[in-house]
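Let me begin by presenting the structure, written as structure tokens, before commenting on it.
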Amino acid sequence: MGALNLAQVLWEERRALRGDPLEFPPKTENDAAASAPPVPAPPASEPSSILPFDLTITNRLASSEIPPGPLPQTEQVPDQLLEIYRTFNADDRWALCLSGGGIRSAAFALGILQRIAALEVTSKRKNEKAGSALKQFEYLSTVSGGGYIGSWLSAWLYQERQREKGRQALIVPPLCGTAGPSVPPDKVVPALTMRESRGPLGDHEEAEPISNLRRNSHFLSPSFSSLSPDLWSDVASVLRNLFLNWILLVPPMILAVLVTKALYFALIDAHSITERSIWFLVVMAIPTLCLLVSLSFSVANRPARGWINVSQPRFLLCDLAPFLVGAALLVLVLQSPYGLKTLTDVLRVSGFEFVEKFNDQHPAAAVLIRGTILGMIFFLASWALAPLWTIIFGRSSRPPPESRPKHPWMELIAWAVAGAAFGLLSAVGLILLWSINPSDSAATAAGFACVFGLPWIVLARIVADVTYISFAEFLSEVDVGLEFQARSSGLFTLAYLGWLVWFGLVLGAPPAARWIETQIGSATVPSLAAGGGLSGLLSILLGASSKTKTAAEQISGLRQYLGLNTIAAVAAAIFAAVLVALLSIDWDAAFRSLASGADGHMPWTMVFLAGILLGALIYAAAHVLSINRYSLHGLYRNRLVRAFLGASRNEKERDKTKNAFTDFDGRDSPLLHELWEHGVAPTGAKWKPFHVISGALNLVSSKNLAWQERMAAPFTFSPLHCGSGSAVFSDGAYRTTYATAHQPQPYGGKLTLGTAMAISGAAVSPSMGYNSSPGVAFLMALFNVRLGWWLANPRGDNPYYSEVKPTNALRPFFMEMFGLTSETERWVYLTDGGHFENLGLYEMVRRRCRVIVVSDAGCDPDYSFEDLGNALRKIWIDLGVRIDLDGLDLLKKRFKERPTPAEQAPYWAIGDILYREADGGDSQNGLLLYFKSGLHGTEPMGVLSYAIAHATFPHETTLNQFFSESQFESYRALGYEIAERAFECGEGLSVDAKTGAPPTFLSIVEKLKASPPSPPPPPPQ
């Protein structure tokens, strides 16, 4: 059940590309994987046993092609990844990369694909006839919008194989229940550029999958009409999913408000506790134990002691959490007259009767003295208990401190003084609370104590830590001790600030609203709420833009001082505050009739009943609702599948199986592993590229500090494997897409091509890799602006690897909302591959492809090459491979002036991929041909007319996924024209003078590199 590592995955890909059989799925989905044969065998659906004699039918394999003898055993995976890299380099694989950019990129990439398909070249493979240049590529790497068109091509190839199998079954009935392997005629690649006249009405028509694409370019809502059922079904789906997500999300927020108010009610009731009570003595014992646990852990864990040495999570569990619980209950105790009397009696019994002398004339001094003494007692007791922590965690393996204190008892004295400071400051807080409540109102005192009590005690703890560390020169491990104090104080500060904000909003909003209504007007509160809602909408709109700089320059003069993410985060914070305040106000309004007085105190029976009902609803919703199913991902995926994967099918065949009411068909999207024919070399008539779909595994809360900017790792989907080769997974994080003897179930519950394509294009999500903004994530999750997808972490120790969704939706939802996604969790959040690398280049360099063609149609009107620069940086940092590109300085922005300048200039750059420098040995450098969408005024008139009418072409916003026919065709034609000019440059298409053979694709690229275009002449003065 263990995961595969990067070396195993790459080696299996290599074997698959050679046509070697792998370990196949069980015959049926109910078969136990353990029954798989020890020797790899073909799949039951595509067995390779065929008749051992020749047939006269041309779509069967000849007997001479049948591999004799048993199937080969699995090769041993080389121990060193470097050896695998050198082997891949020697294999001379080529890759075509299609960048992200929504349907804009898909249309542009279609033009590039068509021109490469139309290019006849001499094959790089021995004994293979000349043919389309597209068949020279073994890999197809896609990201986001490039995945639309790449998945369409993969689905078309799959559908053709399925149709061919059906035809073969009709021509030659299978003998002994076994059918031969599919040998589809070479239809798809020629059909990319072919136009045929069919029948009396077919006037030079394109292949049906291409004409289907044009029809579906407005894919989110195919009809332009505002009364279209598709449009209103989209609206209904969004509202339904939002409602179901709020069932999951809102009850926990209401429960948090209820718990806050319950603590407030408890503090009100504490004022009436004047006599001995068993349950209250128990309550008093709990904060005593909590504070002793926290303080004793702090003593044991301090560098000066060196008794234990634990990580931050254990600090949070054993120090911060007990202290916060103890402080909250200590506030409750101090609000009770009986609690104060008990503490006084404890001191008197302990021999501190002299304090009573100050009660009559100086009561404040008596409180301060009692607080100081109690603080010292607590701290000294914690010092005595600290060695017990070595029993729980074991003694620290760190070497003992090199220098002991100059005075052996100085550290104990410092800790005692710190305790005195803690007690004194806590007593000061109690006196201040009494002084600001002259009316002696229990509700007023409880409100102030609830909001400020715990923060004040936490502040006293921080001051105590500072007091202790002020004796640093007398302690050992001085520098480490200072850092320890700074970090622990920082965490305590975060805790008390969070408490202040939450309790201040929940308890302060209702009286503030009543005051505003009486002093200003009843319409003011709704107006403020509306303003908070507008700030939330602003936050979502700004946060959804991945092009921060461009958007910021368009919206306001604040761009000189504030970044777009900062503005969005501030707007999100305002909205969150308004939301919490409204929840509290609405709660009070809803239960006002049940309150026993002006303080809003509900009966405890109602409090507990409401808490139980909310808890039951939260539990049921978390286990019934799917965090994946009811996001926007399903709506987005279904429409992508219908538009692009459904386009690959024959329309008449699809009409027989689709739902007649909705026009959706589950058969449009094949399973990932069905894209690959195991045991069949993907060359010649059986050509199909190995499709690698790139996503991003979000690590917004990763422990890898070097990735604080990235906040994502690469994650790939292929016909064989899904997972990440990132260094954050030290023991391998790949899973097979089908069941094997070592992995009884397929990863992710039989992932489909449509799901992988939609994940790769999930551009707008609360977590968006290096575009993530924690402030905006809250609102995007709240309003279900979530295109991402949760899958099980593919690492080896995760027993949930085959689950379709998280078993409990609540935890991952809050991880998504508060930016807590990381590589250590059981579930990982996957989004647009462009959130890590938007060109698809990274994974192809990892596979040491010797020729890589990149289609870049990202939104880059200023030609800042953000996506290219990001890819080159990460390839160098992670993979150790440098890429030198020439000619980027010749690429230029589109023209703005009229009339059109019509200047000849390149749209491409060519570079060397320096594999030899990285891998050594016999490694050969690779070539990178980089196409960039642009407009120079020399394009065909069909493109220029659209560009003149649309000033941002060819860099229209990616948020526009509603392309018209002219828009789709303009981008497609631009891609075709750019590739056409590149291949014609430098006379790369000239045939061999002696043999008449067409050039190789490699020679075309090399000639293009050897004859770069000259820069355009300078404008006239």
For Ser350, placing the label point 7 angstrom along Cα-to-beta-carbon and taking segment 301-339, residues whose amide nitrogen sits under 12 Å are none
Over segment 574-690, with neighbouring protein chains present, the accessible area per residue in Å² at probe 1.4 Å is 46 Å²
With the dipole of segment 233-388 defined by +1 on each Lys or Arg Cβ and -1 on each Asp or Glu Cβ, the option from Leu330, Phe352, Leu320 whose Cα lies farthest towards the positive pole is Leu320
Output ordering of 316-328, 102-114 (per-residue mean of other Cβ within 10 Å, highest first) is 102-114, 316-328
For Ala595 and Glu205, extending 7 Å from Cα along the Cα-Cβ vector and measuring point to point gives, in nm, a value of 7.2 nm
Excluding ligands, DNA and RNA, the carbon-plus-sulfur percentage of the accessible area of segment 230-359 with a 1.4 Å probe reads 72 percent
From the Cα centre of segment 704-762 to that of segment 910-937, the distance in Å is 27 Å
Here segment 790-807 yields Karplus 3J(HN,Hα) values (6.51, -1.76, 1.60; θ = phi - 60°; whole Hz; Gly and Pro given as x) of 8, 10, 5, 4, x, 4, x, 9, 9, x, 9, 4, 8, 6, 6, 8, x, 5
In debye to the nearest 20, the charge dipole size for segment 97-140, taken about the Cα centre with +1 at each Lys and Arg Cβ and -1 at each Asp and Glu Cβ, equals 100 debye
Simple spin-label estimate for Thr657/Leu316, 7 Å along Cα→Cβ, in nm, reads 4.7 nm
For Glu984 and Ala620, extending 7 Å from Cα along the Cα-Cβ vector and measuring point to point gives, in nm, a value of 6.9 nm
Counting only protein heavy atoms with a 1.4 Å probe and every protein chain in place, the carbon and sulfur fraction of the accessible surface of segment 694-823 in whole percent equals 56 percent
The size of the Cβ-based charge dipole (Lys, Arg +1; Asp, Glu -1) of segment 567-722 about the Cα centre, to the nearest 20 debye, is 600 debye
Cα-based Debye curve of segment 117-158 sampled at q = 0.19, 0.34 Å⁻¹ gives log₁₀ I(q)/I(0) of -0.67, -1.09
Segment 414-460 and segment 639-700 have their Cα centres apart by a whole-number Å value of 65 Å
Per the 1/(1 + (r/R0)^6) rule, R0 = 25 Å and r from the Cβ atoms of Phe448 and Phe814, FRET efficiency to 0.05 is 0.25
Loop-resident trypsin sites (Lys or Arg not before Pro) in segment 688-787 with no more than 16 other Cβ atoms inside 10 Å, DSSP not H/G/I/E/B, are Lys703
Rounded to the nearest Å, the spacing of the alpha-carbon centers of segment 618-632 and segment 129-160 is 36 Å
Quick calc, Thr807 & Leu239: beta-carbon distance into FRET formula, R0 25 Å, rounding 0.05, result 0.40
Measuring from its Cα centre, segment 311-379 shows a charge dipole (+1 at each Lys and Arg Cβ, -1 at each Asp and Glu Cβ) which, in debye to the nearest 20, is 100 debye
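The values are calculated or read from the model by the stated rules, or taken from the named source; none is laboratory data. The structure displayed is predicted, hence computed values, not measured ones. Note: ideal-geometry Cβ built from the backbone for every residue, glycine included; neighbour counts use all protein chains shown. Side chains are part of the model used for accessible areas, which takes the heavy atoms of the whole protein and leaves out ligands, DNA and RNA. Shrake-Rupley method; radii C 1.70, N 1.55, O 1.52, S 1.80 Å.
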